[in-house]
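Read the structure below first, then the notes.
Quick note: the coordinates plus some simple rules give every number you see, no bench work behind them. All values derive from a computational prediction rather than experimental measurement. Quick reminder, even Gly has a Cβ in these numbers, built from the backbone with ideal geometry, and neighbours come from all protein chains shown.
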There are 2 protein chains.
Amino acid sequence: MKKFKCVTDPGVAGLAESLKIISDPNRLRIICLLSKGERCVCEVERELDISQQLTSHHLNVLKDSGFLEMRKEGTSSFYSVNRDRLKWLDDVFMEYLDYRKVAGSEKARGKNQERHIL
Amino acid sequence: MKKFKCVTDPGVAGLAESLKIISDPNRLRIICLLSKGERCVCEVERELDISQQLTSHHLNVLKDSGFLEMRKEGTSSFYSVNRDRLKWLDDVFMEYLDYRKVAGSEKARGKNQERHIL
DNA sequence: ATACTCCATAAATACTTGTTTATATAATCC
DNA sequence: GGATTATATAAACAAGTATTTATGGAGTAT
């Protein structure tokens, strides 16, 4: 049986993993906060009103998955969002949504008619 | 301390929950497949090459969270994507991304400068 | 009625993950 | 040096979740 590419493409795992990383309230709040500019750990901690260890842990997870960048200055660690990484997720996610739109509407964009997801 | 709305807004939980629902390879594949048109359970099962029970379970989760719709015909259940629900997630998610862009670039869209997420 | 197909649900299992507790390191200040 | 601040990490715990196993029910055909 011939299957659709979007159903067999191993890249789906990567998309799922990325979505899983950000599908947490605290992590979404962190990204949202840092989108306003660089912050150190204790600032994030105070803004979100969660423990220092929990803050540090989430920041680390987001950094390891490429969503955040970090720089040290004295005893502080400053975190900021990696917009390229967000854009990648945005793009891939949007390809899913666009694909859906294409399949659903008759006025689909022609150049995307033959494209596959991921 | 005055906190940013995006950091305190309880709506973040809903966004996180929605993202968590779709942050699974099989569920992404289901949405992707159904975006090509309505399918019954056994068709999804065969396309994804997973067990009938697992297929049924994921379809049910996606239906309960509003991402899919279902109709019965004889002994078959046909599932299809709920584009309104996807659009809602798209919109909210995009507000996050757009907000980030606003905060990061000088050529931000003026009308969004004062807006908050969610 | 019997057998078969399609689908749903419940229980059990295995695995992941968010959070807390405890502790360690490194820089700064007195 | 000693105390304090800022951060990281490891272990333990609790809660959730994807998957499998087992089973039942409902429609269809012979």
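State, to one decimal in nm, how far the label point of residue A:76 lies from the label point of residue B:94, with both points 7 Å from Cα in the Cβ direction.
3.6
Sequence-distant or interchain residues sharing an amide H contact under 5 Å with residue B:82, placed H: which?
B:68, B:69
What is the dipole size for segment A:1-51, taken about its Cα centre, with +1 at each Lys and Arg Cβ and -1 at each Asp and Glu Cβ, in debye to the nearest 20? Before the final figure, lay out the partial values.
Values: 9 positive and 8 negative charges, 92 e Å.
The dipole of segment A:1-51 has a size of about 440 debye.
Could you go through segment A:61-72 in sequence order and give the Karplus-derived ³J(HN,Hα) for each residue, using 6.51 cos²θ - 1.76 cosθ + 1.60 with θ = phi - 60°, rounded to whole Hz, and x for Gly and Pro?
Once rounded to whole Hz, the list reads 4, 5, 5, 4, 8, x, 7, 10, 10, 9, 9, 9.
What average number of partner chain Cβ atoms lie no more than 10 Å from the Cβ of the residues making up B:69-81?
Values: counts 0, 0, 0, 0, 0, 0, 0, 0, 0, 0, 0, 1, 3.
Mean partner shielding for this stretch: 0.
Take every Cα pair under 8 Å in segment B:10-106 that's 6+ residues apart, average their separations, divide by the length, and report that relative contact order as a whole percent.
Working: 78 pairs, mean separation 26.1, N = 97.
Result for segment B:10-106 is 27 percent.
Other chains near B:87-93: what is the mean number of their Cβ atoms within 10 Å of each residue's Cβ? Kindly include the intermediate steps, with their values, before the conclusion.
Numbers: counts 3, 0, 2, 7, 0, 0, 8.
Mean partner shielding for this stretch: 3.
What are the residues whose amide H is under 5 Å from the amide H of residue B:39, where those residues sit 5 or more places off or on another chain and H is modelled from the backbone?
Amide H neighbours of residue B:39: B:79.
On full extension of the chain, what length is gained from residue B:43 through residue B:17, given 0.36 nm per residue of separation minus the C-alpha to C-alpha distance? Show your work: numbers first, answer last.
Working: separation 26, 0.36 × 26 = 9.36 nm, distance 2.76 nm.
6.6 nm is the gain from fully extending residue B:43 to residue B:17.
Past the 18 angstrom mark, what percentage of all C-alpha to C-alpha distances in segment A:16-103 do you count?
On the way: 1676 of 3828 pairs.
Cα-Cα pairs of segment A:16-103 separated by over 18 Å account for 44 percent.
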